[in-house]
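> This is the structure I want to talk about, given as structure tokens.
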Amino acid sequence: ERVLLLGLVDIIFAYAYDNRINEGDNNSESAWCIRKLSPTLSWFEKFTDDVQEVVYCLYRRSLCYPLYRNYDLSVLVLRDTVDIFKNGKVYLLKCLLSVKKLLDSYEPYYILNNLYVTDYCVYKTLLR
């Protein structure tokens, strides 16, 4: 269960980054950005240690890959990620469904939904 939650953190961070950069409006690079920022989606990473390892990896990726590379931006996105988790299961599921919709709309990324995002959506509905 810990591995699942740590993977969920990195997917939601990637979603929060894209959401903050585009102010809620997706663009043609949104699916690429989410896939590239999330180690789970881009490299099939399985985190086993702790949240600090995930945050370190997410900061590193957010300072290397996207168009806007700024440490302060990464800190804000991490706060957004924490807020998403604090808002509860329903809001988190809405975010996952947004990611699913984005990845479904681009041909090479739809397989990531089959591998990860759909299962995370089901997993979130089963959690208490």
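Read-outs throughout are calculated quantities, based only on the coordinates presented, and are distinct from any laboratory measurement. Owing to the predicted nature of the structure, the values given are computational and were not obtained by experimental measurement. For neighbour counting, all protein chains shown are included, and Cβ atoms are generated from backbone atoms with ideal geometry for every residue, glycine included.
> For a quick check of your reading of the model, give me the residue pairs whose first member lies in region 39-66 and is touching a residue at least 40 places away in the same chain (Cβ under 8 Å) and more than 12 Å from VAL3 (Cβ to Cβ), whose second is part of a loop (DSSP other than H, G, I, E, B) and charged (D, E, K, R), with beta-carbon atoms closer than 9 Å and at least 6 apart or on different chains.
Here the result reads CYS57/GLU45; SER62/ARG69; PRO66/GLU29, each pair linking region 39-66 to a residue that is part of a loop (DSSP other than H, G, I, E, B) and charged (D, E, K, R).
> Another question, then. Within region 1-13, work out how many residues are part of a helix (DSSP H, G or I) and without any contact (Cβ under 8 Å) to a residue 40 or more places away in the chain.
Final tally of qualifying residues: 1.
> Any idea which of LEU76, LEU97 is touching a helix residue (DSSP H, G or I) at 6+ places or on another chain (Cβ under 9 Å) and more than 23 Å from CYS121 (Cβ to Cβ)?
Testing whether each residue is touching a helix residue (DSSP H, G or I) at 6+ places or on another chain (Cβ under 9 Å) and more than 23 Å from CYS121 (Cβ to Cβ) leaves just LEU76.
> Give me a count of the residues in region 44-79 that are farther than 27 Å from ILE111 by Cα and either in a helix (DSSP H, G or I) or of a type in the set (S, T, N, Q) (or both).
Summing the residues that are farther than 27 Å from ILE111 by Cα and either in a helix (DSSP H, G or I) or of a type in the set (S, T, N, Q) (or both) in region 44-79 gives 9.
> Considering only residues that are of a type outside the set (A, V, I, L, M, F, W, C) and part of a helix (DSSP H, G or I), which ones fall in region 16-43?
TYR17, ASP18, ASN19, ARG20, SER30, ARG35, LYS36, PRO39, THR40, SER42
> Okay, next question. Return the residues of region 80-128 that are under 17 Å from PRO39 (Cα atoms) and aromatic (Phe, Trp, Tyr); say none if nothing qualifies.
Of everything in region 80-128, those that are under 17 Å from PRO39 (Cα atoms) and aromatic (Phe, Trp, Tyr) turn out to be TYR109, TYR110, TYR116, TYR120.
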